[in-house]
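See structure below.
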Amino acid sequence: MTTTAFINGRIFLSGVKPGTNPSPTSPPTFASALVIKDSLITAVGSPSSDPTIAAALALPDTTVVDLAGKTILPGFVDGHMHLMLLGQSLQKLDLGACKTLADIQSTIRAYAAANPALPRILCRGWMHSMTPGGVSAADLDGLDVEGMDRPVLVDTKDLHSAWCNTAGIAALGAEKWADVPGGIIARDEAGRPTGVFSEAANITYVWPWLASVAGMEERMDAVRAAVAAYHAAGYTGMVDMAMDEGAWEAVLALREQMGGDFGMRLSAYWLVKPSASEAENLAQVDRAAELAGLYNSATTPDCRVVGIKVIGDGIIDACTAGLSEPYSHDGTGTNPIWTREELEPVVRRAEEKGLQIALHAIGDATIKMAVDVLAECASPARRPRIEHIELASKEDADRLGKFGITASIQPVHADPAILRAWPRLIGKHRCKRAFAYREFADGGAPLALGSDAPTAPHSPLGNVYVGTTRRSYREPEMTTTVNENFALGLCEAVAAATEGAAYSCFEDGRLGRLAVGLKADFVVVDMHWEKEKLMEARMKETWFDGKRVWASDE
Ligand SMILES: [Zn+2]
């Protein structure tokens, strides 16, 4: 038995229950001491008034840690992220600093020359704004070293599109790909792919190809790298939002190799891809149910399949989000990827099988459909959820709480630095409805904060900073705010990033708060409890299951 007592600190006591509609200015409460024994929290309070703490301090073998005023927060739980993609992206060339096509080309050329042994050149961080004239495979041809022509594959920062060179088209076998509903394969007049694959075409073809060419060791390394990066950021839990066979196999193999514990509480939503028939859609739900039967709270509490995820539309920047009115710049419309008739049977089957349901919906038309379908077919007791909810009408914002729908939100996507195209794409009037978190909370929706990594930075306090100040985390000197009237309070946002995310997948009885009997998952942070000062906060230590798994070397 190991007992550790942390004293002279600020131990955050959330006090914000999911769905309770707190005031944005609700003040925090702190205790001064926390005692953990093995993997559990055994006392929270003050040594002078709590006899358990006084007794623990009196024992000779208790380790006493003087926090010297530092703060302890519950271990963060990322409410929406992509484990395998994050791990793989940590291994890819980052193009995020490029401004033009020429920058992209010279960055890839230098990387290819420096890495002659790589079988393929994988890159991330491309934004459409870097290449306003559009792109094709030819733009990535001829960047390799003399005598080599390896496949080059570039992800957009949001992961909704992939762009490859001519060798990439050949390696993917893309010449033979048929169009899929909700997907775009860019083609020339003769119908040949020109190197860009978006939305469902990317998910259906490119992701599985990448997963299939990555060997088991490479995938296990990716998971390991993602877990290590998450410990360093202050996370002890993650909710994966697009689990598939290749990633799940690697997670299980790594877990096995590490003796059944890979240092992270993982809850996974199985991705159901739009397919040619209802039977194929339902077969994917059945596969998720089969896995949930094997990997659940009773069998493998830290490595579970909890539900299904359906991607209802794309994103505003690529003009693929489903809007009720056409896009402002060109008057075109985009429909949700799934019709209501296609979506309902999938949701009903998941409900029948006892699975949780997560629907990705960004544009107002898709959000309305998602709320309609969940209101009709999903039981609130199973905590259904909608992902992103970027441009909701007031009416739908209010309906979330009414139907017990968790608002799964990623403030890092509300960063003003990446919304520069929105006024042109959807018009200033509609921008006023963007990221209406305040309305979700006031309507009684439970909030779960997530980062959507690797599509956005995964710093939990960076995420809280954007959610509470509505200012930029990516470009902190930028003073623009995005609909400040929709800001969350600091307690509320921290609770949504811990207790709320745990609640979203039924982990709240075990994780997400600093309370007696819960898991000893927490972080030690050097911070001031002020939203404007969150950018200066420093993670010092991350503890998982009563053990320190990461410490800063400052
Ligand atoms: Zn996502």
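The values are calculated or read from the model by the stated rules, or taken from the named source; none is laboratory data. In this text the structure is predicted, and so the values were computed from the model without any measurement. Glycine also receives a Cβ, built like all others from the backbone with ideal geometry; neighbour counts cover every protein chain displayed.
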Handout entry: Options 232, 170, 201: the member that is part of a helix (DSSP H, G or I), away from the ligand (no atom under 16 Å from the Cβ), free of Cβ contacts under 8 Å to residues at least 24 places away in the same chain and not charged (D, E, K, R)
Key = 170
Practice task
Evaluate the stretch 176-191: report whether one residue or more is within 16 Å of the ligand (Cβ to nearest atom) and part of a loop (DSSP other than H, G, I, E, B).
Solution key: yes
Problem - Residue that is touching a strand residue (DSSP E or B) at 6+ places or on another chain (Cβ under 6 Å) and farther than 30 Å from residue 494 by Cβ, where the choices are 186, 167 - result: 186
Problem - Options 503, 473, 465, 437; residue that is in contact (Cβ under 8 Å) with a residue 40 or more places away in the chain, touching a Gly at 6+ places or on another chain (Cβ under 6 Å) and either more than 18 Å from residue 79 (Cβ to Cβ) or among the hydroxyl-bearing types (Ser, Thr, Tyr) (or both) - result: 473
Problem - strands (runs of 3 or more DSSP E) wholly inside the stretch 363-450 that include at least 1 residues being of a type outside the set (A, V, I, L, M, F, W, C) - result: 385-388, 406-409
Completion exercise
Over the stretch 426-462, the set of residues under 15 Å from residue 404 (Cα atoms) and more than 16 Å from the ligand (Cβ to nearest atom) is 439, 440, 441, 442, 443, 444, 445, 446, 447
Problem - Qualifying residue in the stretch 407-420 (condition: more than 19 Å from the chain's Cα centre (by Cα) and surrounded by 17 or more Cβ atoms within 10 Å (Cβ to Cβ)) - result: no
Fill in the blank from the handout: Of the listed residues (77, 145, 152), the one being under 29 Å from the mean Cα position of the chain (by Cα), over 26 Å from residue 475 (Cα atoms) and among the aliphatic types (A, V, I, L, M) is 152
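Each row is one residue, and each column tells you yes or no for (1) of a type in the set (S, T, N, Q); (2) surrounded by 15 or more Cβ atoms within 10 Å (Cβ to Cβ).
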residue: 4; (1), (2): yes, yes
residue: 8; (1), (2): yes, no
residue: 20; (1), (2): yes, no
residue: 23; (1), (2): yes, no
residue: 31; (1), (2): no, yes
residue: 36; (1), (2): no, yes
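Determine whether residue 343 is part of a helix (DSSP H, G or I) and either under 21 Å from the mean Cα position of the chain (by Cα) or within 30 Å of residue 432 (Cα to Cα) (or both).
Yes; evaluated as a whole, the condition is true for this residue.
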Problem - Extreme residue, nearest to the ligand (Cβ to nearest atom), among residues of the stretch 75-92 that are modelled with pLDDT of 95 or more and hydrophobic (A, V, I, L, M, F, W, C) - result: 81
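Could you tell me whether any residue of the stretch 46-64 is within 16 Å of the ligand (Cβ to nearest atom) and surrounded by 15 or more Cβ atoms within 10 Å (Cβ to Cβ)? Give the steps one after another, and end with the answer.
Narrowing the stretch 46-64 to residues within 16 Å of the ligand (Cβ to nearest atom): none.
Looking through the stretch 46-64, none of the residues is within 16 Å of the ligand (Cβ to nearest atom) and surrounded by 15 or more Cβ atoms within 10 Å (Cβ to Cβ).
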Exercise for the section: Take the stretch 235-274 and flag every residue that is of a type in the set (Gly, Ala, Ser) and either in contact with a His (Cβ under 9 Å, 6 or more places away or on another chain) or within 16 Å of the ligand (Cβ to nearest atom) (or both). Expected result: 242, 247, 263, 267, 268
Handout entry: Given (1) in contact with a helix residue (DSSP H, G or I) (Cβ under 9 Å, 6 or more places away or on another chain); (2) more than 16 Å from residue 500 (Cβ to Cβ); (3) surrounded by fewer than 24 Cβ atoms within 10 Å (Cβ to Cβ), number of the condition residue 453 does not satisfy
Key = (3)
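Hey, among 124, 120, 224, which residue is buried (at least 20 other Cβ atoms within 10 Å of the Cβ) and either under 27 Å from residue 474 (Cα atoms) or in contact with a helix residue (DSSP H, G or I) (Cβ under 8 Å, 6 or more places away or on another chain) (or both)?
124
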